[in-house]
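Here the structure is laid out as structure tokens; the discussion comes afterwards.
FYI, it's all coordinate maths here, none of it is from the lab. These numbers come from a predicted model, not from an experiment. Cβ atoms come from the backbone with ideal geometry, glycine included; neighbour counts cover every protein chain shown.
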Amino acid sequence: MSQESASTKEEAQLCWGFPAVLKAVALVAVWVFALWLAGCSARPQRATGDLGIVIERAGGSALIIETTGRTVVTQVEGLGDLSHASAVYSRDERYAYVFGRDGGLTKLDLLNGDVSNRVLQSGNSIGGAISQDGRLVAVSNYEPGGVRVFDAETLALVADIPAIYGTGEQRSKVVGLVDAPGQRFVFSLFDAGEIWVADLSDPSQPSIQRYTDIGVQPYDALITPDGRYYIAGLFGEDGLALLDLWHPAQGVRRILDGYGRGEEPLPVYKMPHLEGWALAGNLAFLPAVGRHEVLVVDTDGWQEVARVPVQGQPVFAMARPDGRQVWVNFALPDNDTVQVIDSESQRVVRTLKPGKGVLHMEFTPRGEAVWVSVRDLDRVEVYDTATFERLATLQASKPSGIFLTDRAGRIGL
């Protein structure tokens, strides 16, 4: 081949090569641009430790919130009747199990911000719990009365425990359902005046221990943070019923029996809640039914040691995580008020006025702040627990329960 022919061929190859290079460059540019777009549209990576939910009771929705920046991440709709909703969390804190009043059990994905699964498991339910190993979710029901237990992954029904009492033809409303060590659930029968302990070590064959005649109309209950004592409040009489789960053979005993003896009870406008109870050292602070008092109980012997006068009928009495403060909200007509009790002096040290319809309070895990739902003003207020300064205000539609993910590692919450 002549030198001229070789040169012509090289020029042709070079000439044909330019479009190929440009095409390759263009393809790479398109690929990089697509990755950039995908990155812009994808949700940012996030852990679950500072997340939580705020129940929007009127609209059947929930806000996913984060406590570090005190912001709303997203809203999730389609959760049903949330007029008395509560929630528990999976072990990894990713999923919230929301218990609706319409019998709905909703598995909410906090990271994707959507409903992972939902079942209508009864006609009327009132809370639930998650088992020690995180594999089972139990729901307490008014209608039909009893407890139903579901697989936490799939929400498939694994056990049905009807709350049958008396002649065997009656079913009781179930309240005060909590988890307990040993893969157990403990709950109270409102109509029957009983406490049941259900061992779900073998979910296909629940083992039930029944304690009868505990008192009239147990309306709610709590379990101590160590999982030892289960305490049911009584609506039909003054006093509480205590079961020592370390020594169940001892049966149920009465504590604070007749704490209001000789006093005229006030009309009860809203039942107190015990699940968010306050424990400060060896003292428990409990809302008194039908009285403007918080009862102080020495947990060593479960004896009343003091009463703290407060502005109204307490609904929640909740301790800051370090136990130094107890925050109390109230039923009508004082539901615009929150009072702070110093647990050492057992005196009210601050009165706040967040606004009408204060329904719930939730402390951040280390207690530097408290989130307060103010239903009638459609907002959530965040307060500094040291200075009582308002740190943030978030808009929410008729907010009620506030549940942060640190509950995942705590017994009874």
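So what does log10 I(q)/I(0) come out to for the chain at q = 0.06, 0.09, 0.11 Å⁻¹, using the Debye formula with one equal point on every Cα and no solvent?
Values, matching the q order: -0.29, -0.56, -0.80.
Quick one: putting +1 on the C-beta of Lys and Arg, -1 on the C-beta of Asp and Glu, what dipole do you get for the chain around its Cα centre, in Debye to the nearest 20?
Using Cβ point charges on Lys, Arg, Asp and Glu, the chain gives about 460 debye.
Mind checking the full-extension length gain between ARG210 and ASN124? Use 0.36 nm per residue of separation minus the Cα-Cα distance, one decimal, nm.
Numbers: separation 86, 0.36 × 86 = 30.96 nm, distance 2.32 nm.
Here the segment from ARG210 to ASN124 would lengthen by 28.6 nm.
Where the only charges are on Cβ atoms (+1 Lys, Arg; -1 Asp, Glu), what is the dipole of the stretch 103-170 about its Cα centre, to the nearest 20 debye?
So the dipole magnitude of the stretch 103-170 works out to roughly 60 debye.
Using θ = phi - 60° and the Karplus relation 6.51 cos²θ - 1.76 cosθ + 1.60, list the HN-Hα couplings for the stretch 115-120 in order, rounded to whole Hz, with x at every Gly or Pro.
Using θ = phi - 60°, the values come out as 7, 7, 6, 7, 9, 9 Hz.
Take every Cα-Cα distance within the stretch 209-364, group them into 10 Å bins from 0 onward, and report for each bin the whole-number percent of pairs it holds.
11, 43, 35, 10, 1
Kirkwood hydrodynamic radius (Cα pairs, Å) of the stretch 108-227?
Taking the inverse mean of 1/r over all distinct Cα pairs, the stretch 108-227 comes out at 14.7 Å.
How would you rank ILE130, ILE161, ILE411, going from fewest to most other Cβ atoms within 10 Å of each one's own Cβ?
The most exposed by this proxy come first: ILE411, ILE161, ILE130.
Which of THR387, THR337 comes first, and how do the rest follow, when ranked by fewest Cβ neighbours within 10 Å?
On the way: THR387 8, THR337 19.
Exposure proxy ranking, most exposed first: THR387, THR337.
Checking the cross-link filter: which aspartates and glutamates have an alpha carbon closer than 19 Å to that of LYS173, excluding same-chain neighbours under 8 positions apart?
ASP81, ASP102, GLU143, ASP160, ASP191, GLU194, ASP213, ASP220, GLU237, GLU275
With springs only between Cα atoms under 10 Å, which of GLN205, GLN339, GLN45 fluctuates most in a Gaussian network model of the chain?
GLN45
When a/c is below 1.5 the answer is rounded, else prolate if a/b is larger than b/c, else oblate, so apply that to the stretch 51-139 with a ≥ b ≥ c taken from the square roots of the Cα gyration tensor eigenvalues.
oblate
What list do you get for ARG347, ARG320 if you sort them by fewest beta carbons within 10 Å?
On the way: ARG347 11, ARG320 22.
So the ranking, lowest neighbour count to highest, is ARG347, ARG320.
If you take all C-alpha pairs in the stretch 281-413, what percent of them are over 20 Å apart?
44
State whether the stretch 364-404 is rounded, prolate or oblate according to the following rule on the C-alpha gyration tensor (a ≥ b ≥ c being the square roots of its eigenvalues): a/c under 1.5 gives rounded; otherwise a/b larger than b/c gives prolate, and the remaining case gives oblate.
oblate
Of the options GLN346, ILE195, ASN112, report the single residue whose Cα projects farthest towards the positive end of the charge dipole of the chain (beta-carbon charges: Lys, Arg +1; Asp, Glu -1).
So the residue we want is ASN112.
Give me the distance in nm between label points sitting 7 Å out from Cα along the Cα-to-Cβ direction at ASP202 and HIS292, one decimal.
Going from the ASP202 label point to the HIS292 one covers 5.7 nm.
Could you tell me how many degrees, from 0 to 90 and to the nearest 10, lie between the Cα long axis of helix 3-41 and the main elongation axis, the longest principal axis, of the Cα atoms of the chain?
Roughly 10 degrees between the two axes.
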